[in-house]
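Enquirer: Quick one: structure below, then a few questions.
Just so it is clear, none of the values below were taken in a lab; they were calculated from the coordinates. Since the model is a prediction, treat every value here as computed from it, not as a measurement. Counting neighbours? That spans all protein chains shown, and the Cβs are built from the backbone with ideal geometry, glycine included.
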Amino acid sequence: LLIPSDKPQFTRRFTLVMMLVQLALTAWLYGRFSSNTAALQFETRLPWIEQWGVFYHIGLDGFNVLLVLLTAFLAPLVGSLATEEVQADRWLALYNGAWGGDLSHIYAASSL
């Protein structure tokens with residue numbers, strides 16, 4: 001909504017910059033990850049529906065940290081190689097920029 005619809009190149013560049021920021025943050029996270037433990041790292045546990053004992057629980061282990069890194073690496077690559085049709089549609093370009101962050105939460109989510 002804040003991005004002008006008459007400037008598709010701006011949308012593409014904005015999306016690419018956001019994906020590169022996401023890649024940098026993921027690389028920093030991977031650099032701080034310790035492979036010496038099997039426990040979840042960078043763990044967050046927040047109550048969601050306390051009466052039912054349901055929590056928002058997210059963290060990284062040795063397997064899903066690689067999936068998060070792979071997703072963050074592939075997102076800018078795919079976004080930069082997108083066809084003209086995809087680049088011309090600003091909503092599709094913005095969605096492409098957001099999907100990497102969405103998938104990272106899926107990989108990091110702990111089972112209930």
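Enquirer: Of (1) under 18 Å from Leu81 (Cα atoms); (2) of a type in the set (Lys, Arg); (3) in a strand (DSSP E or B), Arg13 satisfies all except one. Which?
Expert: (3)
Enquirer: Give the range 52-66 a look and list any residue that's within 20 Å of Ser34 (Cβ to Cβ) and part of a helix (DSSP H, G or I), or say none.
Expert: Of everything in the range 52-66, those that are within 20 Å of Ser34 (Cβ to Cβ) and part of a helix (DSSP H, G or I) turn out to be Asn64, Val65, Leu66.
Enquirer: Limited to the range 27-38, what total is found for residues that are small (Gly, Ala, Ser) and either part of a helix (DSSP H, G or I) or surrounded by 10 or more Cβ atoms within 10 Å (Cβ to Cβ) (or both)?
Expert: Residues that pass the stated criteria total 2.
Enquirer: How about the range 29-76: which of its residues are aliphatic (A, V, I, L, M) and touching a His at 6+ places or on another chain (Cβ under 7 Å)?
Expert: Ile58
Enquirer: Out of curiosity, is Leu46 more than 26 Å from Leu20 (Cβ to Cβ) and surrounded by fewer than 16 Cβ atoms within 10 Å (Cβ to Cβ)?
Expert: It is true that Leu46 is more than 26 Å from Leu20 (Cβ to Cβ) and surrounded by fewer than 16 Cβ atoms within 10 Å (Cβ to Cβ).
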